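> Handing you this structure, nothing more for now.
What follows is calculated from the coordinates using simple rules that are stated; it is not laboratory data. Model, not experiment: these values are computed from the prediction. Ideal geometry is used to build each Cβ from the backbone, glycine not excepted, and the neighbour counts take in all protein chains shown.
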Amino acid sequence: MVNLAAVTERRGYNAASDFVDANVAAGRGNKIAFKEANNTLTYGELQKQSCRFASGLAALGFGPETRMVVLALDTIEFPVAFWGAIRGGIIPIPLNTLLSTEQYAYMIEDSRAPLLLVSEALAKTVEPALPKMSWLKAVIVIGDKKIISTGSIPAYSFDDVVAKGKADLFTAPTLSDEVAFWLYSSGSTGAPKGTKHVHSSLMFTAKSYAEQVLGIREDDVVYSAAKLFFAYGLGNAMTFPMSVGATTVLLAGRPTPDSVFEIIKNEQPSIFCGVPTLYAALIADKRATKGAGSAKLRMCVSAGEALPQHVGENWKRQVGVDILDGIGSTEMLHIFLSNRPGEIRYGTSGKPVPGYDAKILDEHGKECSVDEIGELVVRGASAAEGYWNQREKSRRTFAGEWTYTGDKYVRDADGFLRCCGRTDDMFKVSGIWVSPVEVEAALISHEAVLEAAVIGHEDSDGLLKPKAYIVLKQGFASDDALFESLKAHVKDKAGAWKYPRWIDVKAELPKTATGKIQRFKLREEDAGTSA
Ligand code: 3UK
C-alpha cells in the first residue's frame, strides 16, 4: 500500500527532482522518455535540457515566482520547457492551443505573465494580441523567432535560450505547498479562471490514480490523444509515465482516426487515453480490431465527458481491451472517480480513486440517499490552491477540504457513481467545455440573428453537441446558406468545436419575467421531440 500522506507531507520539494532527476538517478538516463515523429528525448537529455532552459531563463532575468504562459503543441520541447520552468521555480501556464486571439489576450493579461512561450505554428494567432499586453517582457518561440513580430518586446528562439543556459544540475528551493503551475478552467459565465496547483499535487495524482487504478509500470508506452495543455493529457502523457520511468508518444497534430491508428500501429502503445468523441469515431473505423493495431495494448482510458455505455462496450468487443471511464477536473488536477480494471460498470464513472472521498449533496447540503441525484463534492490532496484573483468563485468551489464540482451525480446500491449532467448549463464537446453563453454571444454578433439560445443535444452516439435556437432579424430568411454562414461565424468567433450542429429558427425564445433565457425549457422540449 502506498503511503499517500508522505507525498504531501514533504516540505522543501521541487517536482522536477521527483519526476526528472529521480529517473536519471535510478539509471534511466538513456531511456527514451518522449518520442515524436522524427525525434526522441531521453530522461538524461530531459534533465540536461531542462537545467539549461531554467538557467537560460535566469540569465534573461527570469527566476522563481515568475509566470510563463505556454502556448505549445505536443512536441518534445513541451516537457523541456515545463520541467525547466518548474525546476527554476517559474510557474508554467499551459493554454489550450485551439483558442482565438482575443481569448489568448485575456489569459496572458489576466495571468500577468512576463514570459510567453509559443510554438511557431501558433505564433500568428497570438501575434495581434501582443501590442496590448501590459505585463509581457519576453517572447520565446519554439522554432524560428522571426516568424512573429513582437514590437518592442524582445523575442528569443527556444533553442538559443537552451543553448545559452548551463547544464549544471540545480533546482530552485521550492516547497511542496508552493504553486508550481496554473491551468485555465472555463466556467458558464465570466472569463476563464487561472487555477493554481502546488508542487506536490502532481505526484499525488501519479501515486493515487496512475499507480493504483491504472497500474502504470516502467515498461509501459503511453499514447494520449488528449494534449498536454489539458490537465487530463498532462497527467496521461507526462507526469504518469514519468512517475515510473515509462515512455510517452507525442503527436503535434490533430488526433483524427487516421493519425491515431497510425500512431497505435507504429508505436505499439500499452496504454491509450482519449475522449468519448474520439472513441466513438474510432469504433466506426474498420481498423478498430484486436488491440486497435497494437499487440501490447492493455488498457484504455476515457475522461472529459461521460463515456456512453455502448461506446465502451463496442470498443471492448471490437478491440478486446477495456476503457476505464473516470471523471477528473482542472480543479482536482486529474481523475478522482474511476472504474477499475476487473470492476467496470460502463455508463458510470466508477468509484472514488484511492486518496479521494466523494459525497453527493442535496440542495440543503445534506447527503443524498442511494438513487437520489445531487451535486458531486470531492476531497483529495490534489485540489487546486484556488483561482487567481477570483475570490468569490474560489470560496464557492474550494470549500475547506471539499471541492464542489458543479456536476450532478447519483450513487447506485453497489456504490457506482453515475453522471447526470451539470448544475449549470455547461456541456462538453470532445471533452472540451462549451459555454452556451459564449456560443450565443457569437451567434448574436451575426447580422441575421436577433436572439439565440444554445443547449447540448445528443448525436447518434449519445454524445452532446451544440444545438442553437435562434430568432432572426426582420428581412433574413432561414435557408442553408444562412445556416452555413452561422456555423462558420461561430467557429471563427468561439472555437472550431463549438459551432451548432443543428439550428432551429423560432418566432420567440422562452424567457423568465426578467428576460433571462430558459435553456432548461428548450432542453425539455428537445428531449420531448427526440424521444
Ligand atoms: C466533466 C466528466 C462525466 C465534468 C479532466 C480528466 O475534464 C477534465 O477537466 P475539465 O476541467 O472538466 C471537468 C468536468 O468535465 N467530466 C470530465 N470527465 C468526465 N463527466 N464523466 C467523465 N468521465 O463535468 C467535470 O466537472 O476540462 C478530466 C483528468 C483531468 C481533467 N482536468
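> Beyond 31 Å between alpha-carbons counts as too far, so tell me which of K366/K393; K124/K408; K207/K359; K132/K516 fall in that bin.
Working: K366/K393 22 Å; K124/K408 40 Å; K207/K359 22 Å; K132/K516 34 Å.
Pairs exceeding 31 Å: K124/K408; K132/K516.
> Another question, if that's okay. List the relative contact order of the chain as a percent without decimals, with contacts defined as Cα pairs under 8 Å and 6+ residues apart. Could the numbers behind the result be given before it?
On the way: 1164 pairs, mean separation 58.6, N = 531.
Once divided by the residue count of the chain, the mean separation gives 11 percent.
> Which order do the peptides 146-153, 106-113, 489-496 take when ranked by the mean count of other beta-carbon atoms within 10 Å per residue, highest first? Write down the numbers at each step before the final one.
Working: 146-153: 14.5, 106-113: 20.0, 489-496: 18.0.
The most tightly packed comes first, giving 106-113, 489-496, 146-153.
> Can you give me the relative contact order of the stretch 6-161 as a percent, contacts being Cα pairs under 8 Å and 6 or more apart? Kindly include the intermediate steps, with their values, before the conclusion.
Values: 252 pairs, mean separation 28.4, N = 156.
Dividing the mean separation by the residue count of the stretch 6-161 yields 18 percent.
> Quick one: work out Rg over Rh on the C-alpha atoms of the stretch 427-530, Rh as Kirkwood radius. Working shown, then result.
Numbers: Rg = 13.0 Å, Rh = 13.8 Å.
Over the Cα atoms of the stretch 427-530, Rg/Rh equals 0.94.
> Oh, and also: Show me the ranking of peptides 344-353, 34-43, 359-368 by mean Cβ neighbours inside 10 Å, starting with the highest.
On the way: 344-353: 21.6, 34-43: 16.7, 359-368: 12.8.
Those peptides, ordered most packed to least, come out 344-353, 34-43, 359-368.
> So for the pair S460, R317, with labels modelled 7 Å out along Cα→Cβ, what separation do we get in nm?
The answer from the label model is 1.6 nm.
> Classify the stretch 160-314: rounded, prolate or oblate, from the alpha-carbon gyration tensor (a ≥ b ≥ c, eigenvalue square roots; a/c under 1.5 rounded; otherwise prolate if a/b is larger than b/c)?
Judged from the Cα gyration tensor, the stretch 160-314 comes out prolate (a/c at least 1.5, a/b above b/c).
> If you take the Cα atoms of the chain, find Rg, then find the Kirkwood Rh from the mean of 1/r over all pairs, what is Rg/Rh? Don't skip to the end; give the middle numbers.
On the way: Rg = 23.0 Å, Rh = 24.0 Å.
Expressed as Rg/Rh, it is 0.96.
> Gain in length, R287 to D362, computed as 0.36 nm per residue apart minus the alpha-carbon separation, to one decimal in nm?
22.5 nm
> Rounded to two decimals, what is the ratio between the C-alpha radius of gyration of the stretch 4-196 and 2.2 N^0.38 Å?
Numbers: Rg = 16.5 Å, N = 193, 2.2 N^0.38 = 16.3 Å.
This ratio for the stretch 4-196 stands at 1.01.
> Averaging sequence separations of C-alpha pairs under 8 Å and six or more residues apart, then dividing by the length of the stretch 427-530, give the relative contact order as a whole percent.
On the way: 158 pairs, mean separation 27.3, N = 104.
Once normalised by length, the contact order is 26 percent.
> Here is a further query. Quick one, can you get me the convex hull of the C-alpha atoms of the stretch 386-445 expressed as volume per residue in Å³?
Working: hull volume 7.9 nm³, N = 60.
In the stretch 386-445, the Cα hull volume divided by residue count equals 131 Å³.
> Antiparallel versus total DSSP beta bridges in the stretch 201-422: what percent is that, nearest 5?
Numbers: 23 of 36 bridges.
Here the antiparallel bridges make up roughly 65 percent for the stretch 201-422.
> Which of the three applies to the stretch 325-399, rounded, prolate or oblate, going by the alpha-carbon gyration tensor with a ≥ b ≥ c and a/c under 1.5 meaning rounded?
Working: a/c = 2.61, a/b = 1.36, b/c = 1.92.
Since a/c reaches 1.5 but b/c is at least a/b, the shape of the stretch 325-399 is classed as oblate.
> Additional query: Percent of Cα-Cα pairs more than 29 Å apart in the stretch 201-422, please.
25 percent
> Then there is this: If you wrap a convex hull around the Cα atoms of the stretch 316-452, how much volume per residue is inside, in Å³?
Values: hull volume 22.6 nm³, N = 137.
About 165 Å³ per residue, rounded to a whole number.
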